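Only one structure is covered here, and it is reproduced in the block below.
The values are calculated or read from the model by the stated rules, or taken from the named source; none is laboratory data. Model, not experiment: these values are computed from the prediction. So basically every Cβ, Gly included, is an ideal-geometry build from the backbone, and we count neighbours across all protein chains shown.
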Amino acid sequence: MRSLAGYSIVCYILQIKDRHNGNVLLDADGHLIHIDFGFMLSNSPGSVGFEMAPFKLPQEYLDLLGGVHSEKFAEYKALMKSAFAILRKHCENIVLLIEMMQKDSKLPCFQSGEATLSALRDRFQLALTEPQCDEYVDKLIMSSCCNVFTRLYDTYQYYSQGIL
């Protein structure tokens, strides 16, 4: 559950895409591991913003947590809120790191220039109070829960690549 919360918030902040089941693995201890970082920040597979959910949270993940009314789901939400609060405190350092990596880079994720950094900074929601941030994270979670575009992307990957 901790790795799911970490994975979820990092996918949102860095806009990690191409989140189909072939790129999301489980280790022997049940930790989520994303293995493909070719699409993040400002680029998407096929240059189409099809993965519209903030992060991947399909029914299968919810089932493992015991559903949206379970104690584990409540713990997942608390971890997400805590992680977001911590990341917000380090926003400027994170943006600076991305800015340094972007300089003179030819990587597609940096091709939007300043817009990449501006969008990254915006995702931290620095103008919100702590209670507003908690509400914001709740909205991110609910918009990711069983998102139709996530399901369609997984279905597309199944039919085009054979990825379950």
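What to note about this one:
- Hits in the range 114-136 - residues which are closer than 15 Å to residue 14 by Cα, within 17 Å of the chain's Cα centre (by Cα) and not acidic (Asp, Glu): 116, 117, 119, 120, 121, 123, 124, 125
- Test: residue in the range 43-55 that is among the polar types (S, T, N, Q), farther than 15 Å from residue 144 by Cβ, in contact with a Pro (Cβ under 8 Å, 6 or more places away or on another chain) and modelled with pLDDT under 75: yes
- Looking across 77, 89, 81, 72, one residue alone is within 19 Å of the chain's Cα centre (by Cα), at pLDDT 90 or above and more than 18 Å from residue 11 (Cβ to Cβ). It is 89.
- Positions within the range 90-112 being assigned to a loop (DSSP other than H, G, I, E, B) and either in contact with an Asp or Glu (Cβ under 7 Å, 6 or more places away or on another chain) or loosely packed, with under 11 Cβ neighbours inside 10 Å (or both), in sequence order: 103, 104, 106
- Residue in the range 17-38 that is modelled with pLDDT under 85, surrounded by fewer than 17 Cβ atoms within 10 Å (Cβ to Cβ) and among the basic types (Lys, Arg) present: no
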